[in-house]
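Have a look at the structure below, then the notes.
The values are calculated or read from the model by the stated rules, or taken from the named source; none is laboratory data. Keep in mind the model is a prediction, meaning the values are calculated, not measured. Cβ coordinates were reconstructed from backbone atoms using ideal geometry, including for glycine residues, and neighbour counts include every protein chain displayed. Areas reflect the complete protein model, heavy atoms only, side chains present, ligands, DNA and RNA absent. Shrake-Rupley method; radii C 1.70, N 1.55, O 1.52, S 1.80 Å.
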Amino acid sequence: MCRVIVNEGGYRLAYVAYAQHDEQKSLPIMAYAIQRDIPEERDFFDHLQLTWADVELGQHAPAIAVRSGEPCIGRSLLTDPGLAPWREVAIRLEYSSLSAFPLHIEDDTMGVLLIADSDPDAFDEAEVKLLGELADDLAYGINNLRSRIKRHEAEERIAHMALYDPLTELPNRTLFRSRLQSAIADGRQKHRPLAVLLLGAMHFHEISDTLGYQQADLLTCSFAHQLESRLREGQFAACVGEAEFALLYPDMDVSLAVRTAHELVREFSSPVEVGGLSISVGLCAGIAAFPGHGADADALIRRARMAMFEAKRRGSDSAVFTPELEQQRTNRLALMIDLRRAIEQKALMLYCQPKIDLATKRIRGAEGLVRWQHPSQGMIPTEEFVRIAETSGLITPLTYHVLEAAFQQIYAWHDSGLDQPLSVNLSARDLRDPALIDKLKNLFSTWGTAPEWIQFELTESALMEDPVGALDAIHRIKALGVELFIDDFGIGYSSLSYLHKLPVDAIKIDQSFVIAMPDSAVSAAIVESTIELGHRLDLEVVAEGVETESAWNQLVALGCDTGQGYYMAKPMPADQLRDWQMQYDAGIVTYRIH
């Protein structure tokens, strides 16, 4: 535009300056054109510094046009006092008059178009009208240009957000998948392998819960920077989850990938400084390779993740994908679907195992146990389907199903004259369930259950997972008037001071100590100490895993209150307990208690 004004309009000078809103209110020249190519003249405009502030140096035509928003026409460079600072240069360069036209974008004056000429009488009315329209066209063009730039920048930002992780600034899953697909195509063409490593931080959620999200984010960024610094040409790293990173290694076989994974895990085993704290967080790696483990990006990423989960499960630093892992995952998914259906259809069975008073040999109640008879796979181990329930969000529906079955069974027992309490296990997740207390109250009300008819067992590890929250939940359960047991006592990490605060009525010695007691002096000492501790705290002591007559006799000699195990009775369907007790009381049951 400046060149058109000079070359076509015959003016000596045209420049465009933008009004900045900085402290100096500077008015930098963004573009200019001059009639003559004189070095002195170019040097002057290359270094000219202007302001549009209402100060002594801001009384020139361009500044007035910016401040007023109106054209400043026909100002004389030879007589105008506001142009005095530049008069000597104007005379030398043969400038006589100038006009300044504000550049409007909507209601804002964003800059100025200045035109100068050697004729002191330039800028008649017709010219001014034409130049004003020209300035409006220029402002419109600048606005469109700015809009296109902003749109382009916005598109670039959107593209960046779509392809990069906002926390670590590493490529994200989408970009990694694209790069991996390209690398696979290249490897297929050149007949070369490649490896995908998926790295995950061990116990990251526990660290996040303990230290907070901010410290966890700092830790994630620290990992990201370290990984990025180790990359060589052709290698690629991405952040694909919470403290989870994917790495692409072209032309790498499985054995080299395993060595690389070992090196990475060893390097990241050193403590990391995060927010003034030294934190040790181990990594584990899952490995999948092209072409042996998959021929497309999705398959390789999925199988590397399977291998990573397997490494976490085994507690090892890395694992390589095998077809067996995928089959296990498929079976696990099928079991999860079947378990959901079984819970919805109330197809799980309630079993129970009697508890026997060791002194009187009388029945002291029973522990409720859940069993799953799968239609095609037979009896599924309880530990297996409970673990599936915990990891798939089914633990609460499973707990509610067991509770409903237990309350219904208790009613049936007492209606038939069987006066025995039934204990039900509650997990750590159950204690965090805000609806649990209301659920229990509704069941008590529905079945008319007396508090002494039901007991609850809480594992020691569940109590220590969230001691403060667990203590609050336990107090609210205890307020229902029921008895509480600490299950699996001795294998957790609870302190005696914490145990002393719990409103519990009994502790159950973990079966691992009881089973080993006849052949292990250490286990026998632990059992004896636990019995003494329980009695000093005025708690009933129950021994789990009583499987031999020798264990029974030892427990009786140590003064243990109650026993539970295969030596007395195996778990049985809950509706069979009444018949079993009748036979037991009549001496018909051929168990080995003398």
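Structure notes:
- Verdict on P120 being touching a residue at least 40 places away in the same chain (Cβ under 8 Å), more than 20 Å from Y32 (Cβ to Cβ) and open to solvent by 80 Å² or more (accessible area, probe 1.4 Å): yes
- When region 203-245 is filtered for residues that are within 19 Å of L175 (Cβ to Cβ), among the aliphatic types (A, V, I, L, M) and touching a helix residue (DSSP H, G or I) at 6+ places or on another chain (Cβ under 7 Å), the ones remaining, listed by number, are A237, A238, V240, A243.
- Test: residue in region 36-44 that is under 25 Å from D124 (Cβ atoms) and either at pLDDT below 90 or under 60 Å from the mean Cα position of the chain (by Cα) (or both): yes
- Residue in region 527-535 that is of a type in the set (V, I, T) and either more than 27 Å from L426 (Cβ to Cβ) or surrounded by fewer than 15 Cβ atoms within 10 Å (Cβ to Cβ) (or both) present: no
- The residues of region 536-592 that are open to solvent by 10 Å² or more (accessible area, probe 1.4 Å), of a type in the set (A, V, I, L, M), at pLDDT 90 or above and in contact with a helix residue (DSSP H, G or I) (Cβ under 8 Å, 6 or more places away or on another chain), listed by number, are L558, M572.
- Those residues of region 506-523 which are open to solvent by 60 Å² or more (accessible area, probe 1.4 Å) and among the charged types (D, E, K, R), in sequence order: D519
- Answer residue from region 51-75, given it is of a type in the set (A, V, I, L, M, F, W, C) and open to solvent by 20 Å² or more (accessible area, probe 1.4 Å) and is farthest from S99 (Cα to Cα) among those: V55
- Residue within region 391-404 that is of a type in the set (G, A, S) and more than 26 Å from V546 (Cβ to Cβ) present: yes
- Residue satisfying all of: in region 293-315; among the small types (G, A, S) and surrounded by 13 or more Cβ atoms within 10 Å (Cβ to Cβ); farthest from the chain's Cα centre (by Cα) among these: G294
- Of the strands (runs of 3 or more DSSP E) lying entirely inside region 251-323, the ones with 2 or more residues being small (G, A, S) are found at 283-290, 318-320.
- Matching helices (runs of 4 or more DSSP H) fully within region 373-463 where at least 1 residues are closer than 15 Å to A574 by Cα and not aliphatic (A, V, I, L, M): 395-415
- E404 under 20 Å from Q576 (Cα atoms) and of a type in the set (D, E, K, R): yes
- Selection from region 127-159 of residues that are over 27 Å from G69 (Cβ atoms) and open to solvent by less than 50 Å² (accessible area, probe 1.4 Å): A154, A159
- Look at (1) at pLDDT below 90; (2) of a type in the set (A, V, I, L, M); (3) not in a helix (DSSP H, G or I) and you find that I507 fails only one, number (1).
- Reported count of residues in region 76-90, each being in a loop (DSSP other than H, G, I, E, B) and either in contact with an Asp or Glu (Cβ under 8 Å, 6 or more places away or on another chain) or open to solvent by 60 Å² or more (accessible area, probe 1.4 Å) (or both), is 2.
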